[in-house]
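The values are calculated or read from the model by the stated rules, or taken from the named source; none is laboratory data. The structure displayed is predicted, hence computed values, not measured ones. With ideal geometry, Cβ positions are generated from the backbone for all residues, glycine too; neighbour counts draw on all protein chains shown.
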Amino acid sequence: MPHAIHTRKLIFLTVLLSIFGGMFLSGCTSLQTENKEAEVTPIMKTDSPVIDISKINRNRFLLLSTKAFVKQEGEKFNIFLQGRLNIVKIAKNNFIQEWNYSLERFRVFSYPLVKQNCFVVAAEDSPNLFNNETEVLMFSLDDFKFKRIANVSYFVFSINSEDFNRDGREDLLLTGYDPRLDLGKITLLENTSEGFRKAFECAIGNKTFDAFVSDVNKDSYPDFVVLTTFSCQEILQIFVNKYPNFEKRE
Ligand SMILES: [Ca+2]
Ligand SMILES: [Ca+2]
């Protein structure tokens with residue numbers, strides 16, 4: 001399952017990177033495999049490509065999708081993206097839309113982190129007009145109201161959670177990259193009684209796709225490993241927990 005999730009994230013990343021290079025169509029084409037449509041039984045149709053499905057509970061799912069818009073600006077044609085969030089539930093072999101949400105302007109969402117009563121997602125400008133505006137939003141799964149819990153200045157792909165300082169509150173680990181500086185970025189948001197605050201932030205490689213949390217050195221404090229790229233080479237980098245710092249292990 002983690003491998004499947006990782007593969008989906010890399011596909012999403014490939015699409016985004018293709019847009020940066022003006023190769024959106026060729027990027028999508030390269031992802032196509034043999035046409036096996038005849039063997040597939042569709043259970044639901046959407047008006048924009050779904051790039052992630054997260055299970056909320058037994059019969060409810062959170063879908064992340066992205067719609068593309070082509071805009072002419074002078075001689076140039078630019079592609080902009082707009083993200084959608086949908087919650088659907090299965091009832092009598094049908095999918096029923098329970099809730100949907102999109103933001104104004106060309107804005108997209110990171111991969112969501114689904115918890116028991118809420119989900120967390122980063123909302124940011126479409127890569128073609130990234131303006132340094134990324135908000136981390138926490139949505140209640142009871143009434144779907146959201147609150148802004150943090151801001152960062154880079155493009156977030158993934159959100160993970162763990163209690164890194166072992167104070168009983170789950171903290172958040174964001175991974176992504178800064179498209180203007182071509183730098184991978186990592187941020188740890190500490191969950192305090194007054195809300196989330198940045199406890200640790202660092203730059204690594206050119207892009208940072210995802211992280212997974214594990215107690216690598218068995219000292220009972222959670223460490224994390226990130227998948228990042230240096231000049232097109234993928235590497236795994238371990239960060240050992242020396243809270244509030246994290247030391248890179250070579
Ligand atoms: Ca904590
Ligand atoms: Ca540890």
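Observations on the model:
- Counted residues, segment 213-238 - those being of a type in the set (A, V, I, L, M, F, W, C) and within 16 Å of ligand 1 (Cβ to nearest atom): 2
- Conditions (1) in contact with a Lys or Arg (Cβ under 6 Å, 6 or more places away or on another chain); (2) more than 16 Å from ligand 1 (Cβ to nearest atom); (3) within 29 Å of ASP215 (Cα to Cα); number of the one not met by SER153: (1)
- Here the condition is being under 19 Å from the mean Cα position of the chain (by Cα), touching a residue at least 12 places away in the same chain (Cβ under 8 Å) and within 14 Å of ligand 2 (Cβ to nearest atom); of VAL156, VAL213, it holds for VAL213 alone.
- So ASN245, is it surrounded by fewer than 16 Cβ atoms within 10 Å (Cβ to Cβ), more than 23 Å from the chain's Cα centre (by Cα), closer than 17 Å to LYS185 by Cβ and not hydroxyl-bearing (Ser, Thr, Tyr): yes
- Some residue of segment 172-181 being surrounded by 15 or more Cβ atoms within 10 Å (Cβ to Cβ), within 16 Å of ligand 2 (Cβ to nearest atom), modelled with pLDDT of 95 or more and under 29 Å from ASP215 (Cβ atoms): yes
- Residue match in segment 200-209 (condition: under 27 Å from VAL88 (Cα atoms), modelled with pLDDT of 95 or more and either within 16 Å of ligand 2 (Cβ to nearest atom) or surrounded by fewer than 19 Cβ atoms within 10 Å (Cβ to Cβ) (or both)): no
- Residue within segment 182-192 that is at pLDDT 95 or above, more than 15 Å from ligand 1 (Cβ to nearest atom) and under 21 Å from PHE119 (Cα atoms) present: yes
- Top-ranked residue of segment 161-175 - restricted to ones that are in contact with a Phe, Trp or Tyr (Cβ under 7 Å, 6 or more places away or on another chain) and on the phi < 0 side of the Ramachandran plot, ranked as farthest from ligand 1 (Cβ to nearest atom): THR175
- Only residues that are in a strand (DSSP E or B) and either exposed (fewer than 10 other Cβ atoms within 10 Å of the Cβ) or in contact (Cβ under 8 Å) with a residue 24 or more places away in the chain (or both) were counted across segment 34-66, and they come to 11.
- The set of residues from segment 149-178 being over 16 Å from VAL225 (Cβ atoms), part of a loop (DSSP other than H, G, I, E, B) and not acidic (Asp, Glu) comprises SER153, TYR154, ASN165, ARG166, GLY168, ARG169.
- Set side by side, the residues ARG84, ARG105 differ, and just one is assigned to a loop (DSSP other than H, G, I, E, B) and basic (Lys, Arg), which is ARG105.
- Candidates TYR243, TYR221: the one that is within 16 Å of ligand 2 (Cβ to nearest atom) and touching a Lys or Arg at 6+ places or on another chain (Cβ under 8 Å) is TYR221.
- Qualifying residue in segment 125-137 (condition: within 29 Å of ARG58 (Cβ to Cβ), in contact with a strand residue (DSSP E or B) (Cβ under 8 Å, 6 or more places away or on another chain) and within 16 Å of ligand 2 (Cβ to nearest atom)): no
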